[in-house]
Structure formats: C-alpha cells, structure tokens
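So the structure is just underneath, and the comments pick up after that.
The values are calculated or read from the model by the stated rules, or taken from the named source; none is laboratory data. Note that the coordinates shown come from a computational prediction; the quantities given were computed from them, not determined experimentally. FYI the Cβ positions are ideal-geometry reconstructions off the backbone, even for glycines, and counts take in every protein chain you see.
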Amino acid sequence: MPVEFLTDDQARSYGRYTGEPTPSQLARYFYLDDADRELLADRRGDHNRLGLALQIVTARFLGTFLADPTDVPLAVVSSLAAQLGILGNTDLAPYRDGEARWDHAALIRERDGYRDFGEQPEHFTLVRWLYTRAWLSTERPSILFDLATAWLIERKVLLPGVSVLARLVASVRDRAAARLWRAVSAIPSEEQRTHLDGLLVVPAGARASALDRLRRAPTRASAPSLVDALKRLKEVRDLGVSHLDLSHIPVGRLTSLARYAATSWAPVIARMPADRRTATLLAFAHVYEASAQDDALDVFDMLLGTLLTRVENQGDKERLRTLRDLDAAALRLRDACQIALDTSFSDDKLRAAIFAAAGGEDNLEFAITTVGDLTRPPEDHYLRGSAQPLQPDPAVPADAATHHHVPLDGRRQAGARVACVLAHYRRSP
C-alpha cells in the first residue's frame, strides 16, 4: 500500500497545534498539578518557568516536543501564565534560542516516563495492536493512523515522524491483507478455483462475463424478472462453494472483498495475483449467494403482491357487475317477506300470496339462489367466486385466510399463477 494515504489536514496537524484548545482540553491537559509546580518552583527567570511549563503540557497533549517550544496557541500561554502568577506577555525568545529547553525536555522524559517510538516492548505492542485491528476490521488507513497516534499519546510514547508512522500503518495493513488472501484462497479445491476463474471469462458471442451478470440485481417485479433472479441464484450455487466453511474469516473482511469484486472490472480482477484473485472471487460468491437469494425473495414478494392486488381489483369489478342482479333478487325477497309479515292473510292463503308477490315459485327460488351466490358474510369484504363455500385448508394458518383481505379462492388463483411461473423456470434450460 502506498503511504500517501494521509490527507493534507492530517499531515499538517500531526504532532502540532492546529488551533486554540477547547475549555475542556485546557482543563484536562493544561492544568499544572502539585508535582508540576514543585518542578517549576526552583527555575530561575519567568521565561524558564513558563517555557518548561509549555513543554510539560505540550508533551502531555501532543505526545511530542516541538522544535520551537514557544509555537503554541495564545490561550495556552495565558492559562499557564495565570497559574504561575506571571505576566502573559513574558518574552520567550531567550528560552526558545537557549540551551535550557533541551535539558528540560530530557528532564520531562525522565520524570514522566516518556519512551522513544522504537523502544520495546511498546513498539511490538503497537504493531500487534494495529495488526489485530487490520485483520478484524475494514478501517481505512487514515483512521488507523489517527488511532495509532492516540494510542501512542495515551501510553506516553513519543510520536515518530509522520512518514514513519504512515509506513508502519501501511505495512501492517499489507501483512493483514496478504494473510487474508492466503487464508481464503487455501479453502477451495482446484476444481472450485477453476469454476471461480470462469466468472471472469466472457463466453463466445456474449458481451459480458458471468461476474458482470451475477452482480446485477433484478430491477422489476415481473414473472421474467423472477425467473432471471432464480437463474441468478442457481448460477451462484452451481459454483460449488456454498458449503465451504469461512467462519474463521472476519465477516467484515469478506464483505469488503465481495464489495470490491462487485465494483471492479473483470479484467482488473483477472490480472491480480492468484491468491488475491481466488480470495476475491470466493468472497463474492459467498456473500452474493445470500444477496441473490434475498433478491429472488424480494421479487417474489413484489410479484405476489401485484397478483393479489389484481385479484382484489377483479373482486371489486365482479361485485359492481352483479349489483343489479343482487338488487333485483333482494327486492323480490323483500316483497315476499312483506306478505309473510302481513297479518291480513290467513295461513291457508299465505303461501299463494307470497308466490304471487314474488312473481311465481320459480322466481322466488331464483332470487334465493342469486342472493346466496352474490352475498358474503359481514366479515368478508369481497365477492366469493363460487356459490359453494370453500373449506379452509388445514395446512394454512387460520389468520392467513384474511391475509391482505383477499378471498381464499383469489389467493389460490394468485398462487396458481406463481406456480406457473415456477413451472416455467423448471422447464427453462
């Protein structure tokens, strides 16, 4: 990895002040405790006392000693001068140009236990810590650089040059990546590697490789899209890597490799070293099998929802179309019922009067049949397609009968359509 991953702001702010400290930072890092005051008490001259105090808090805050110990924000100088009871405009040029600042830096290192970057075991501990983070996570090198800087300051290890730390971060990430490629590429067999390499080949007469096809998710909710999504899932599974155990590989690293394969050109992946190429393609097949399955389920769900909506609309249209027949039958039954409730008719004449009001026995029987066919129970919002009540399927949960408020026969019609789609998929080569 090239070491030029740092932004201009990171390189410029490394090991130096970039602005006025916040009040909380002043209270935490720039407060002189009793030990600091005891060390400063026997210094001669205000400039020596203030200069030494500046180096104490600078090492504490930045983790290093500045080439110019007086190159600090004005708020820091004012805060320290107020704590020492001296003037804030004390001339620090004699301290900056004198030799005492070197002696003071050595004194601070010895008193507070600051160590050089290359000293052991701190250096080994830092490398191991960086390597663990690089292996387990996908943090960018610039983030690792900032974390390493904070780690060094916290453990009182003096910051090295910016390029030294940047090279260390880059080398550790390279080692972690090489280990990842070796570990993943060693898992598949030779035959599986051949199948994975086949993803990069453009078949004769085709315009794209298998990798380009597999990483394109379906975009429409239609029967052909469902068939394509199922074919895509089958093609990923046919690579024969689904059963491989990748549990010892960090999930984030596998996802990162798969994401790289999904966004890179196939020729770029083909030119990679063998270990890296195999690891990248295996990670893609492992991660995108689940993605292809999710995409197929999403298309199926949207397609089924579309079909159910059509069934609902058909029920509404059928209801509207039969309203005239239902009204006529209901009016005929109303007339018959009015006669049945009329007390002026004797029992022996009531039957004949009812038939007469309904237009005859056949018309009354037809009205009863029509009402039975076209009406539904109060809890059912849509029209039943058959006069014979459908028995509930014991394999279907009771609450599923009202799913989406679609009649049972309507849902069966939608299921039959989806079954046709799946049958078409099974017949397709």
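Of all residues in segment 1-27, those satisfying the criterion of being charged (D, E, K, R) and in contact with a helix residue (DSSP H, G or I) (Cβ under 9 Å, 6 or more places away or on another chain) are Glu4, Arg16, Glu20.
Residues of segment 155-211 that are more than 20 Å from Phe145 (Cβ to Cβ), surrounded by 19 or more Cβ atoms within 10 Å (Cβ to Cβ) and β-branched (Val, Ile, Thr): Val184 alone.
Conditions (1) among the β-branched types (Val, Ile, Thr); (2) within 25 Å of Glu110 (Cβ to Cβ); (3) assigned by TED's automatic domain parsing to the domain that holds Val172, marked per residue:
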site: Arg12; (1), (2), (3): no, no, no
site: Arg16; (1), (2), (3): no, yes, no
site: Thr22; (1), (2), (3): yes, no, no
site: Phe30; (1), (2), (3): no, yes, no
site: Ala35; (1), (2), (3): no, yes, no
site: His47; (1), (2), (3): no, yes, no
site: Ile56; (1), (2), (3): yes, yes, no
site: Gly63; (1), (2), (3): no, yes, no
site: Pro69; (1), (2), (3): no, yes, no
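Every listed requirement among (1) under 48 Å from the mean Cα position of the chain (by Cα); (2) farther than 17 Å from Arg49 by Cβ is met by Ala106 save one, (1).
Just checking, how many residues over segment 82-104 are assigned to a helix (DSSP H, G or I) and loosely packed, with under 15 Cβ neighbours inside 10 Å? Qualifying residue count for the region: 6.
Residues in segment 14-54 that are modelled with pLDDT of 90 or more and β-branched (Val, Ile, Thr): Thr22 only.
The helices (runs of 4 or more DSSP H) located wholly in segment 235-325 that include 3 or more residues which are of a type outside the set (Phe, Trp, Tyr), in contact (Cβ under 8 Å) with a residue 60 or more places away in the chain and crowded, with 18+ Cβ neighbours inside 10 Å occupy 251-263, 274-321.
Taking the conditions exactly as written (part of a helix (DSSP H, G or I) and hydroxyl-bearing (Ser, Thr, Tyr)), does Thr138 satisfy them or not?
So Thr138 fails the test.
In segment 273-310, what residues are under 19 Å from the mean Cα position of the chain (by Cα) and aromatic (Phe, Trp, Tyr)? Within segment 273-310, Phe284, Tyr288 meet the criteria.
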